[in-house]
1. Return the ratio Rg/(2.2 N^0.38 Å) for segment 59-132, where Rg is computed over Cα atoms only.
2. Can you work out the FRET efficiency for the pair residue 150 and residue 212, with r the C-beta to C-beta distance and R0 = 56 Å, to the nearest 0.05?
3. Counting only the backbone N, which residues of segment 12-44 are under 13 Å from the spot 7 Å out from the Cα of residue 56 toward its beta-carbon?
4. Would you mind giving the average projected area, over all directions, of the Cα convex hull of segment 5-137 in nm² with one decimal?
5. Step by step: find N for segment 165-363, compute 2.2 N^0.38 Å, then divide the Cα radius of gyration by it. What's the final number?
6. Quick check: the distance between the Cα centres of segment 248-270 and segment 308-368, to the nearest angstrom?
7. What number do you get for segment 177-242 when its Cα radius of gyration is normalised by 2.2 N^0.38 Å, N = residues?
8. Looking at the chain as a GNM with Cα springs under 10 Å, which of 223, 323, 83 has the largest mean-square fluctuation?
């Protein structure tokens, strides 16, 4: 599949982020996608906005994380904090390492220290006063870490970026209408998930490909690309029951069939077919409300058919739900943590106030 990166950059700037003349834009990427970041910056410049591009290599990130002290990693760079404070829009083009095999060589306590140092910056990004677009750029190394063919991964990613956004927005609003004003959500799955939680009084967020004025007024000026989900922050003490997560990833490391129990919103790991030690270590080294229910999301992107391993894609699959633990203030919650971790449940059945809206991965509503 050929990708017109210039056209996509134009859409990100003009349609998705709705950047305007004289706005300041910070674009953060990787060494391998510098050309793509610069296309986004050029699209900003042509309309009169003021972009700044910052990229780093996997090699630098690895050496910085492994060859400096934990005290150093916990420091917050004052100049970067000031840059973000003075940005109207932030565009992140680097959720992952180009090669996740390198990131898996960084000890978790060092990742935790880095997250602590970066947290004041993330708090500014997600304070509701700036627009943020989070996306990535698929690589052969990422595909290898997921155990999938690169051509398939590449094509799925870019097809998911190039969907009918007005249709997605309509689909997301149809689902949001059902969830607004709802109280209790119950989730089941064939592998044994049986969870109850409350969304009473919580904001319903639509990740529909566009940051519009309604999103800004609601305090939700954030966007993933690929887009395609409706999400919310459950009441943090409301989750009770068992969840079996089919798949999750952490810094290139895979977790399969992770079984956990929620009690009054707090998670306890019970077992996993693969990767239990990863989950336990991340919880141990993270800070704040790391073990609290943080998010419930329902996927809506028609171009993503099956789980690949890239959370940015997998959480958008129609017929899946994902739950996150940890930080959730940008979703409308109150958790304050260095951790926000999305994990996937496939073939879910979802009840909203007793009404089945999804049965084993198929919507019962006329929205897809």
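1. Numbers: Rg = 13.4 Å, N = 74, 2.2 N^0.38 = 11.3 Å.
My calculation over the Cα atoms of segment 59-132 gives 1.18.
2. Values: r = 34 Å, r/R0 = 0.61.
It comes to 0.95.
3. Taking a point 7 Å out along Cα→Cβ of residue 56, the residues of segment 12-44 whose backbone N falls under 13 Å are 28-31.
4. Details: hull surface 31.0 nm².
If you wrap the Cα atoms of segment 5-137 in a convex hull and average its projections, you get 7.7 nm².
5. Working: Rg = 15.4 Å, N = 199, 2.2 N^0.38 = 16.4 Å.
The value comes to 0.94.
6. Each part reduced to its Cα centre gives a spacing of 14 Å.
7. On the way: Rg = 13.8 Å, N = 66, 2.2 N^0.38 = 10.8 Å.
In units of the globular-protein estimate, segment 177-242 measures up at 1.28.
8. Result: 83 has the largest fluctuation of those listed.
Every read-out reported here was derived from the displayed coordinates using simple, explicitly stated rules and does not represent laboratory data. Given the structure is predicted, the values throughout are model-derived calculations rather than measurements. In this analysis, Cβ positions are derived from the backbone assuming ideal geometry, glycine residues included, and neighbour counts consider all displayed protein chains.
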